[in-house]
1. Can you list the GluC sites (Glu not before Pro) in the stretch 24-103 that are in a DSSP coil and have 16 or fewer other beta carbons within 10 angstrom?
2. So for the chain, Kirkwood radius off the Cα pairs, Stokes-Einstein at 4 °C and 1.567 mPa s: how many µm² s⁻¹?
3. Nearest 10 degrees is fine. How inclined is helix 165-181 to the longest principal axis of the chain, computing both from alpha carbons?
4. Using just the helices of the chain, give the 222 nm mean residue ellipticity in deg cm²/dmol: DSSP H runs with n ≥ 4 each add -39,500 (n - 2.57), and the total is spread over all residues, rounded to 500.
5. Rounding to the nearest 10 and keeping the result within 0 to 90°, find how far the Cα-based axis of helix 430-449 lies from the longest principal axis of the chain.
6. Using a cut-off of 14 Å between beta-carbons, work out the net charge of the residues near residue 92 (Lys and Arg +1, Asp and Glu -1, residue 92 not included).
7. Over the stretch 252-364, how many percent of alpha carbon pairs lie in each 10 Å bin up to the one with the longest distance?
8. All other residues with a Cβ under 15 Å from the Cβ of residue 47 taken together, and with Lys, Arg as +1 and Asp, Glu as -1, what is their net charge?
Amino acid sequence: MRSSRTFLPLVAAALCAGAPGLAAQSLADRYRPAADSIIAAALKDSAAWNRLAELTDRFGNRLSGSDALEHAIDWVLGEMRRDGLDNVRGEPVMVPHWVRGEELADLVSPRPMRLAMLGLGGSVGTPERGLTAEVLVVSSFDELTRRAAEARGKIVLFDAPYVNYGQTVRYRGAGAVAAARAGAVAALIRSVAAYSIRSPHTGAMNYDSTAPRIPAAALSVEDAMMLHRMADRGERVVVKLVMGARTLPDSPSRNSVGELVGREKPEEVVVVSGHLDSWDVGQGAMDDGGGVVVSWEAVRLLKRLGLVPRRTIRVVGWTNEENGTRGGNGYRDQHAAELANHVLAIESDGGVFRPVEFGFTGSDSARALLRQIATLLRPVGADSIGPNGGGTDIGPIMRSGVPGMGLEVDGTKYFWFHHSPGDTVDKLDPHEMAQCVAAMAIMAYVVADMPDRLPRGPAPAAAGR
Ligand SMILES: [Zn+2]
């Protein structure tokens, strides 16, 4: 591994031996003029927000297997070509094709009421005329374990309060299997949402070989809590569930790729990315059209400013993050021979709100350099390097040894809208989104341009999230 000192002038290196602060000064100083020009250009207008609005207005949501996703990919590739990006292409992968069909959940007892529901992605459907059963409401997997004898033949509702996404999403992922093991005929969850105006939130669920495949859906937070209160009062809660969900044969899709080819080491690559697919509700603006547009705009901006780095910056709009990661896995396989030359992969998949920092997974020596680069981001806020970073789509190449980074943003509101009809562009602020563009452009540009290649460490044990 080479040290950052190798690109300090010799005299300065001699003077500052043992004073790492001066090394930091030097890398930051070297790139400050470029960074400042990137920030000024990015913050000058609302180009990124406008482009995201056009993408989401034109194509709406973009679930894997849908025409909308493929039409959006065609449009992105056409626009990238029009922007003058290099080597624009769609890289084919096959993706799962799940369709929701018609669906509803009706409270039958203690009073009739249409519930706010969304089937979970990957769920099987109910029989055509639906299924009607008494509901067992539990707050946790532990409570279901204690009350397993009561679950047979019922619909189990997990009314688990939102703690944080990572903890609470376990009920969405594993609720159906746990309920089926206890003999339930269907599973419902309280939507995994940090705030609710009675909109249900979908997302992926899983089956395994240990239990029958039962239908699974999310209720709005409000409706789940109401059913829980009814059950606590000793009322008999009965729900009719109708779901037309089914899984069709895999369908062709593409990762959308465009480049700014490096001027000295074009074979060395920095990836900037987001995923273009979304759930089939809302418009996939913050999850994750914004991540794609910010990555793409970062490269367009560099090109417009004439900032062509030593190494190649490659924009990837991943396909099929939400229900398969086939885009990320396909890229790893298709680019296997090239991965040793992947210097860094960055993903934005947390909504393009106010940038806070870049999370990084990689070697300590790389981290030290990235900390220096991050000081250039002070004017847009994202001036620190967090302990872990990555993204679902870059997970496969990170596990193959590529250092990974995630753009971290103010996440206060993200899980209010995530995977719900409310994921639309109006929730995003043009200025904050422009700050994300600036942060992405500076980080990618400096890593792609600095004389020494970002050092690799040992492959991280657990990459992605
Ligand atoms: Zn996402």
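A short reminder: the numbers here are calculations on the coordinates, not readings from a lab. Quick caveat: nothing in here was measured; it's all calculated off a predicted structure. All Cβ positions, even for glycine, are placed from backbone atoms using ideal geometry, and neighbour counts span all protein chains on display.
1. Working: sites: 54, 70, 79, 102, 103; in loops: 102.
Passing sites in the stretch 24-103 are 102.
2. Values: Rh = 23.2 Å.
Taking Rh from Cα pairs, D becomes 56 µm²/s.
3. Long axis of 165-181 versus the principal axis of the chain: about 40 degrees.
4. Numbers: 13 runs with 158 residues, N = 465.
The per-residue figure over the chain is -10500 deg cm²/dmol.
5. In the chain, helix 430-449 runs at an angle near 50 degrees to the longest axis.
6. -2
7. Here the calculated profile for the stretch 252-364 is 14, 43, 36, 8, 0.
8. Values: positive: 44, 51, 82, 300, 303, 304; negative: 45, 54, 79, 83, 297, 429, 432.
For residues surrounding residue 47, the net value is -1.
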